[in-house]
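Reviewing the structure listed below.
The values are calculated or read from the model by the stated rules, or taken from the named source; none is laboratory data. What you are looking at is a predicted structure, and each value in this text was computed from that prediction instead of being measured. Quick reminder, even Gly has a Cβ in these numbers, built from the backbone with ideal geometry, and neighbours come from all protein chains shown.
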Amino acid sequence: MIFDAPAAARLLDALHRLPGIGRRTAERMALHLLSAPDAEAYELSDALREARSRVVRCSSCGMLTEQDPCSICSDTRRDHGLICVVEHPSGVIAIEKGGSYRGVFHVLHGALNPLEGIGPDQLTVDKLLERAGGEAVNEIILATNATAEGEATAMYLMRQMQTRGVAVSRIAHGVPMGGGLEYADDVTLAHALDGRTRL
Ligand SMILES: [Zn+2]
């Protein structure tokens, strides 16, 4: 069978490792790519290679961007004194879709998880504390996910901020328990931001 052959098996494995892609879907995608015309199949690998080489982390907020600083950080109409902290770039995208948030962001690129060896040093915590220490920052909103790791990360950051005298709030619940921001609809997310509680 085709997927016993090494090159096709490698493609299948790579697709199967993508988030939300089960074995059957990965097989369908691999078969499609292997039977499609050359131009169509190579468009995917070319696009991936080019995007990977151009997209970097914003040196200020950590969001993925092709221009550093990113479009949010360089937008002077936004409130740079309000920083919403999220675990992943998907959190920024989810909140931006809501359209009502006017502050800026900070992407941690993960959450604290001692069992997997993820401590503050593996995240962009230092950069966040550096930003929070700036005079112009009025409030930090902790919008980490409603999971054990997300809650632990929020508590850790709250303690770090309090010793620095920065106002900190936690996004209101309503964001589905155990879920990431990307699973909340726009209205839920807007309420969650509006209804945040000062810690
Ligand atoms: Zn940025």
Checklist entry - Is it true that some residue in segment 54-63 is away from the ligand (no atom under 13 Å from the Cβ), at pLDDT 95 or above and over 20 Å from residue 157 (Cβ atoms)? => result yes
Checklist entry - Which residues, taken from segment 69-86, are within 8 Å of the ligand (Cβ to nearest atom) and in contact (Cβ under 8 Å) with a residue 12 or more places away in the chain? => result 70, 72, 73
Checklist entry - Does at least one position in segment 78-94 carry a residue that is farther than 15 Å from residue 192 by Cβ, among the charged types (D, E, K, R) and modelled with pLDDT of 95 or more? => result yes
Item to check | Hey, residue 115 without any contact (Cβ under 8 Å) to a residue 12 or more places away in the chain and not in a strand (DSSP E or B) or not | outcome: yes
Item to check | Condition met for residue 92 (within 15 Å of the ligand (Cβ to nearest atom), part of a strand (DSSP E or B) and under 12 Å from the mean Cα position of the chain (by Cα)) | outcome: no
Item to check | Filter result for residue 169 (under 18 Å from residue 195 (Cα atoms), touching a Ser or Thr at 6+ places or on another chain (Cβ under 7 Å) and touching a residue at least 12 places away in the same chain (Cβ under 8 Å)) | outcome: yes
